[in-house]
């Protein structure tokens, strides 16, 4: 479901901060509940997957729309994260 290039980056470098702590690759499982509260998708839709977080609180996600069409990266920013 995720791009091979991203999976390879995670495998080689791990989940960590980049760019003087301005961006972090994150574990999608930990941030998925937050993303699901921000983006409500129909039950049969492809859900976006959280992949990174910025130092300004923007959550970056990826979504595969069709075999040849994808949204990547998309940034969502909120002053206050939703309560889980």
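The values are calculated or read from the model by the stated rules, or taken from the named source; none is laboratory data. Treat the numbers as computed from the prediction; the structure is a model and nothing was measured. Reconstructed Cβ throughout: ideal geometry from the backbone, glycine too, with neighbour counts over all protein chains shown.
Can you find a residue that is outside any helix (DSSP H, G or I) and in contact with a strand residue (DSSP E or B) (Cβ under 6 Å, 6 or more places away or on another chain) anywhere in region 31-39?
From region 31-39, those outside any helix (DSSP H, G or I) are 39; that's our starting set.
Filter once more, keeping what is in contact with a strand residue (DSSP E or B) (Cβ under 6 Å, 6 or more places away or on another chain): none.
No.
Please tell me if residue 15 is closer than 21 Å to residue 66 by Cβ and either in contact (Cβ under 8 Å) with a residue 40 or more places away in the chain or under 13 Å from the mean Cα position of the chain (by Cα) (or both). Steps first, answer last, please.
Numbers: closer than 21 Å to residue 66 by Cβ: no; either in contact (Cβ under 8 Å) with a residue 40 or more places away in the chain or under 13 Å from the mean Cα position of the chain (by Cα) (or both): yes.
Here the answer is no, as residue 15 does not meet what is asked.
Could you tell me how many of the residues in region 38-84 are at pLDDT below 65, out of contact with any helix residue (DSSP H, G or I) (no Cβ under 9 Å at 6 or more places or on another chain) and loosely packed, with under 10 Cβ neighbours inside 10 Å? Spell out how you get there, then give the answer.
Of the residues in region 38-84, the ones at pLDDT below 65 are 71-84.
Remaining after also requiring out of contact with any helix residue (DSSP H, G or I) (no Cβ under 9 Å at 6 or more places or on another chain): 71, 73-75, 77, 79-80.
With loosely packed, with under 10 Cβ neighbours inside 10 Å added as a condition, the list becomes 79-80.
Looking only at that region, the number is 2.
When you go through 25, 6 one by one, which is the residue that is touching a helix residue (DSSP H, G or I) at 6+ places or on another chain (Cβ under 7 Å), within 12 Å of residue 62 (Cβ to Cβ) and either modelled with pLDDT of 85 or more or surrounded by 14 or more Cβ atoms within 10 Å (Cβ to Cβ) (or both)?
On the way: 6 fails: touching a helix residue (DSSP H, G or I) at 6+ places or on another chain (Cβ under 7 Å).
The conditions single out 25.
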